[in-house]
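The values are calculated or read from the model by the stated rules, or taken from the named source; none is laboratory data. Keep in mind that this is a model prediction, so the values were computed, not measured. So basically every Cβ, Gly included, is an ideal-geometry build from the backbone, and we count neighbours across all protein chains shown. Heavy atoms of the whole protein, side chains included, go into the accessibility calculation; ligands, DNA and RNA do not. Shrake-Rupley method; radii C 1.70, N 1.55, O 1.52, S 1.80 Å.
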Amino acid sequence: MQISKYISLKEATKSDYAIRKQISNIPDDGQLIAMRHVASNIFDKVRNHFGVPIGISSFFRSKEINKAIGGSVNSDHCNGCAIDIDADIYGGVTNKQIFEYIESSLDFDQLIWEFGNSSEPAWVHVSLRANGVNRRQVLEAVKIGGKTHYRVKS
C-alpha cells in the first residue's frame, strides 16, 4: 500500500526496534491521514525537485516505540506528521541541500538540522500540520551534557 507517490506504508512504519521487540507500529486512520499529508506535501516534493532517490530514517512511531527509544513525549512522529529524511542512504543529494530546499520552498511546522556539523546535518527532521497554523520554526539539534537541546538555527 502506497501512502504517496514515493512512500509505501511499509517503509513509513519500518522500525528495527519494533521488529526486534515485536511491538506494533501500525498507525490509526487519523495518523495515516497525517502521514499522507506529510508524504505528499514534503517528501514527494523534495523527491521531485532533486530527481533522485532519497532515504527516510524515521517516519511513524507508535507511542510505545517512541518512549522506548527515548523520543520526545511530544514527538510529531507519533501523530504521523513528522518525517526524518536522510540523503546519506542513497547519495546524489546532501542533507544540507534538502534542508535548504525545504526552508526556502515548502510550508512546514518545524524544520530541524539534526546534529551533524555546521556544514551538514546528520539528517533532516521536518513536520507539517494538516490542520492549524504551521509555525515555520527552524531549529538545530545539539547535544549538551549528553542531552538533546534545540535552539533556533542561525
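In the range 2-36, what count of residues is obtained for those that are part of a loop (DSSP other than H, G, I, E, B), among the charged types (D, E, K, R) and either farther than 14 Å from Asn66 by Cα or modelled with pLDDT of 95 or more (or both)?
Of the residues in that region, 2 qualify.
One line per residue, one yes/no per condition, for (1) over 12 Å from the mean Cα position of the chain (by Cα); (2) in a helix (DSSP H, G or I); (3) without any contact (Cβ under 8 Å) to a residue 12 or more places away in the chain:
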{"site": "Ile56", "(1), (2), (3)": "no, no, no"}
{"site": "Arg61", "(1), (2), (3)": "no, no, no"}
{"site": "Asn66", "(1), (2), (3)": "yes, yes, no"}
{"site": "Ser72", "(1), (2), (3)": "yes, no, yes"}
{"site": "Cys78", "(1), (2), (3)": "no, no, no"}
{"site": "Gly92", "(1), (2), (3)": "yes, no, no"}
{"site": "Trp113", "(1), (2), (3)": "no, no, no"}
{"site": "Val138", "(1), (2), (3)": "yes, no, no"}
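Just name the residue that is farthest from Ile98 (Cα to Cα) out of those in the range 1-52 that are over 15 Å from the mean Cα position of the chain (by Cα) and of a type in the set (Phe, Trp, Tyr).
Tyr17
Based on this model, can you work out whether Ser127 counts as modelled with pLDDT of 95 or more, open to solvent by 50 Å² or more (accessible area, probe 1.4 Å) and among the polar types (S, T, N, Q)?
no
Would you be able to tell me the number of residues in the range 63-114 that are more than 12 Å from Val126 (Cα to Cα), among the hydrophobic types (A, V, I, L, M, F, W, C) and open to solvent by less than 40 Å² (accessible area, probe 1.4 Å)?
Summing the residues that are more than 12 Å from Val126 (Cα to Cα), among the hydrophobic types (A, V, I, L, M, F, W, C) and open to solvent by less than 40 Å² (accessible area, probe 1.4 Å) in the range 63-114 gives 4.
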